[in-house]
Amino acid sequence: RDGQGDPPLHPDGERQAELVAERLISTGERIAAVYVTTLQRTHQTAAPLVSRLGVQPIVVPELREVFLGDWEGGEYRRRFADGDPITRRLFAEQRWDVIPGAETSEAFAARVRAGLGRIVAAHPDQRVVAVVHGGVIGELVRQAVGSDRGFAFVGSDNASITHLVVHGDRWIVRRFNDTAHLGGFDLDPMPDL
């Protein structure tokens, strides 16, 4: 988890991006648009899909990953691996801002809700694909189901598919963390919550 760090995809991620595109195209359902964030890994993940669809990805900055403050740029992973005591507090309190300098959970929630709102307003009654980040997926699903547990859905796998239907004020989760298209890839799990 790199927060708003901007590393490129690993070669495994490039292959996973191809598999996501194959899966989404194979449904035969029209995809009206593809959205990405300001971070290159979303552009690279979306590349095989936008190439096949012949569209340009649309950037929604509000859907970029949570800002991890002092733990940006891979520090988050290192802290977990080293058993930093703040990691226990992070999950006990389920707030990003236990990390020094990190974005508050309230600000993150409002930001991603606004980003999704922009997409919904631009594409009423249409299917779109938003290539986003694990924290964003977790936050959107948390809001959709009305959970008060901040990290209830954090930890989706890279290149997984989560299907969210927005109809007016109603959000419906149809699928979460679907990785059937990835076959034998060794997925990078998050620590147990």
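Counting only residues that are within 23 Å of G115 (Cβ to Cβ), modelled with pLDDT of 95 or more and among the basic types (K, R), segment 1-28 holds 0 of them. Is it the case that D70 is farther than 20 Å from T179 by Cα and open to solvent by 50 Å² or more (accessible area, probe 1.4 Å)? Here the answer is yes, as D70 does meet what is asked.
If you take the residues of segment 128-145 that are part of a loop (DSSP other than H, G, I, E, B) and at pLDDT 95 or above, which of them is surrounded by the fewest Cβ atoms within 10 Å (Cβ to Cβ)? In this case the residue turns out to be V131. For G73, the conditions (1) in contact with a Lys or Arg (Cβ under 8 Å, 6 or more places away or on another chain); (2) not in a helix (DSSP H, G or I) all hold with the exception of (1).
Within segment 90-121, restricting attention to residues that are of a type in the set (A, V, I, L, M) and modelled with pLDDT under 95, the residue that is surrounded by the most Cβ atoms within 10 Å (Cβ to Cβ) is L90. Kindly indicate whether any position in segment 29-40 is farther than 24 Å from G117 by Cα and modelled with pLDDT of 95 or more. No, the conditions are met nowhere in segment 29-40.
Restricting attention to segment 87-115, the residues that are of a type outside the set (G, A, S) and either in a loop (DSSP other than H, G, I, E, B) or in contact with an Asp or Glu (Cβ under 8 Å, 6 or more places away or on another chain) (or both) add up to 11. Candidates in segment 41-64 are the residues that are open to solvent by 20 Å² or more (accessible area, probe 1.4 Å) and assigned to a loop (DSSP other than H, G, I, E, B); of these, the one that is farthest from G117 (Cα to Cα) is G54. Being in contact with a Ser or Thr (Cβ under 7 Å, 6 or more places away or on another chain) and open to solvent by 20 Å² or more (accessible area, probe 1.4 Å), is that true of even one residue in segment 22-32? Scanning segment 22-32, I find no residue that is in contact with a Ser or Thr (Cβ under 7 Å, 6 or more places away or on another chain) and open to solvent by 20 Å² or more (accessible area, probe 1.4 Å), so the answer is no.
The values are calculated or read from the model by the stated rules, or taken from the named source; none is laboratory data. Computed from a predicted structure; not experimentally measured. FYI the Cβ positions are ideal-geometry reconstructions off the backbone, even for glycines, and counts take in every protein chain you see. Ligands, DNA and RNA are excluded from the accessible area calculation, which covers all protein heavy atoms including side chains. Shrake-Rupley method; radii C 1.70, N 1.55, O 1.52, S 1.80 Å.
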